[in-house]
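Okay, structure first, notes after.
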Amino acid sequence: VLPGVAHARSRLQESRERLSVLSKLCYAVGGAPYQITGCALGFFLQIYLLDVAQLDAFCASIILFVGRAWDAITDPMVGFFISKSSWTCFGRLMPWIIFSTPFAVISYILIWFVPDISRGQVMWYLVFYCMFQTLVTCFHVPYSALTMFISREQSERDSATAYRMTVEVLGTVLGTAIQGQIVGKVDTPCIESPLFIGMTNSSVALEELNMTHDTGSLTDTRNAYMIAAGVIGGLYILCALILWAGVREKRESSELQSDEPVSFFQGLKLVMNHGAYIKLIAGFLFTSLGFMLLEGNFALFCTYTLGFRNEFHNILLAIMLSATLTIPFWQWFLTRFGKKTAVYVGISSAIPFLIMVAVLDSNLIVTYIVAVAAGISVAAAFLLPWSMLPDVVDDFKLQHPSSHGHEAIFFSFYVFFTKFTSGVSLGISTLSLDFAGYQTRGCSQPSEVNFTLKMLVSAAPVVLILLGLLLFKLYPIDEEKRRKNKKALQDLREESNSSSESDNTELASIV
């Protein structure tokens, strides 16, 4: 009788933990702001700083590196403060999301504004870029940890994650489309290099050529960036409101009845000693780095190396649309064949196409084919880290059943390592363009710049992806291990609930 009762109780508990489609959609919409803004900044900030704000490549590299590095530092800081936050009537995570939103939108819009000052432009972009990164972290870290608070059922969390990844990749499409199509409608004036027109005094030549171009066209370009920023800011606020209205945190979803709180630094030490977590973030660190290098330099690569100045925003859109449409396929694939297999197949599929775009001569049709193929791999790179992190958290809970409240640490430090290394790589890549002789607003670039861009979007990402895939060999949680963990964790919760119910019954009888 007892096994039957336990089974019935388990079935009842599972039914209670099921999330409605509407709840999953509202949860998923909350992931869009980070991706919309991140995609717009990732694809367009470098070319904006160089060709629209007209900063030299060295200053742009400082802004990009410091901004990314600061963004990385804020993740564990915010994770620490969240772990110290008290539960409110709105939950522990939701207040962070709501209160950071309006300030994040203001700072985001100011990133795309060109101040009318002769000095201090570098400081302007540095301050508002870092400010936005801090505020968007206050949104995204608690949102990422929210995965563990919406349900105790692993299948429901995986399903919600699939919804989230679909909407997040759709967010990258929106970010690319809004920024690219609005900005792409305006032609940014370029300057012919004196090297190509037989002039010897380059500084005088640049000044004279700049005088002959329509300065109003550059003003139109700057206005277009501001309009795009305003539209994206409005979407940010709308998505935050939908998340707040449609999702409720469940405090009991992430902790066992017998849990006792552990301090942040004790929890950090436990998390960093958890082998499965370190191996997972090491693998994704390199693969993510490869895709971020591609993202950061692709607009310049299309504009100068391939010569598609008026097509690059459409090529970026093709990548993101392809990624969005294939997220459901990868969700089916990882369910059918396992998450580790999905990592190898999905992420490695980009390698031959990255090689192809650098080796073959410039061809628009081939570039679009490569863009679609790369999008398929980008979808896998988006989905898999966030689908696998909850498995690591569950594995940690089984090894440390008396420790809880560390979900934000797991998610924030994964983002920390990824962002910090991407900041270093993006800063170095922009600096390498400076060393290669990048010419601000040039209609064409020296051959050294074109060669550098090929290395940054092809050779370097391929090497990083291969290193990441090799490290994934060490990741210990396969499908069999994951099923065992799920059953063990369910048994532990049932035991904890049964113990709690028996204690309550005994107390009632005494009373």
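The values are calculated or read from the model by the stated rules, or taken from the named source; none is laboratory data. It should be emphasised that the depicted structure is a prediction, and the values quoted were computed from it without experimental measurement. Reconstructed Cβ throughout: ideal geometry from the backbone, glycine too, with neighbour counts over all protein chains shown. Surface areas here come from the heavy atoms of the whole protein model, side chains and all, with no ligands, DNA or RNA. Shrake-Rupley method; radii C 1.70, N 1.55, O 1.52, S 1.80 Å.
Annotations for the structure displayed:
- Residue among Ser10, Ser20, Ser15 that is at pLDDT 55 or above and surrounded by fewer than 16 Cβ atoms within 10 Å (Cβ to Cβ): Ser20
- Residue among Thr188, Thr287 that is at pLDDT 80 or above and either closer than 27 Å to Leu456 by Cα or of a type in the set (Gly, Ala, Ser) (or both): Thr287
- Any hit, the stretch 152-163, residues being among the hydrophobic types (A, V, I, L, M, F, W, C) and under 19 Å from the mean Cα position of the chain (by Cα): yes
Yes/no per residue for (1) more than 28 Å from Ala72 (Cα to Cα); (2) polar (S, T, N, Q); (3) without any contact (Cβ under 8 Å) to a residue 24 or more places away in the chain; (4) not in a loop (DSSP other than H, G, I, E, B):
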{"site": "Leu135", "(1), (2), (3), (4)": "no, no, no, yes"}
{"site": "Tyr143", "(1), (2), (3), (4)": "no, no, no, yes"}
{"site": "Leu146", "(1), (2), (3), (4)": "no, no, no, yes"}
{"site": "Arg152", "(1), (2), (3), (4)": "yes, no, no, no"}
{"site": "Asp158", "(1), (2), (3), (4)": "no, no, no, yes"}
{"site": "Thr166", "(1), (2), (3), (4)": "no, yes, no, yes"}
{"site": "Val169", "(1), (2), (3), (4)": "no, no, no, yes"}
{"site": "Ala177", "(1), (2), (3), (4)": "no, no, no, yes"}
{"site": "Gln181", "(1), (2), (3), (4)": "yes, yes, no, yes"}
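- Within the stretch 58-87, the set of residues being under 11 Å from Cys130 (Cβ atoms) and either charged (D, E, K, R) or part of a loop (DSSP other than H, G, I, E, B) (or both) comprises Arg68, Asp71.
- Selected residue [in contact with a Phe, Trp or Tyr (Cβ under 6 Å, 6 or more places away or on another chain) and touching a residue at least 24 places away in the same chain (Cβ under 8 Å)] from Ile82, Ile73, Ile63, Ile109: Ile63
- Residue list for the stretch 375-388, filter: closer than 16 Å to Leu464 by Cβ and at pLDDT 85 or above: Ser377, Ala380
- All positions within the stretch 421-446 that are among the aliphatic types (A, V, I, L, M), buried (at least 18 other Cβ atoms within 10 Å of the Cβ) and modelled with pLDDT under 80: Leu426
- The conditions of being within 22 Å of Thr418 (Cβ to Cβ), of a type in the set (A, V, I, L, M), touching a residue at least 40 places away in the same chain (Cβ under 8 Å) and open to solvent by 50 Å² or more (accessible area, probe 1.4 Å) are not met by Ile355.
- Any pair with Cβ under 6 angstrom, 6 or more apart, that starts in the stretch 308-322 at a residue that is more than 17 Å from Val378 (Cβ to Cβ) and ends at one that is open to solvent by less than 20 Å² (accessible area, probe 1.4 Å): Phe308/Cys302; Arg309/Thr303
- Annotation: of all residues in the stretch 476-485 being within 27 Å of the chain's Cα centre (by Cα) and open to solvent by 50 Å² or more (accessible area, probe 1.4 Å), the one that is modelled with the highest pLDDT is Pro476.
- Just one of the listed residues (Gln35, Gln46) is part of a helix (DSSP H, G or I) and touching an Asp or Glu at 6+ places or on another chain (Cβ under 6 Å), and it is Gln35.
- Residues of the stretch 346-373 that are modelled with pLDDT under 85 and of a type in the set (Gly, Ala, Ser): Ala358, Ser362.
- Test for Ile97: is it open to solvent by 50 Å² or more (accessible area, probe 1.4 Å) and touching a Phe, Trp or Tyr at 6+ places or on another chain (Cβ under 8 Å): no
- Verdict on Leu55 being more than 30 Å from Ala245 (Cβ to Cβ), part of a loop (DSSP other than H, G, I, E, B) and open to solvent by less than 30 Å² (accessible area, probe 1.4 Å): yes
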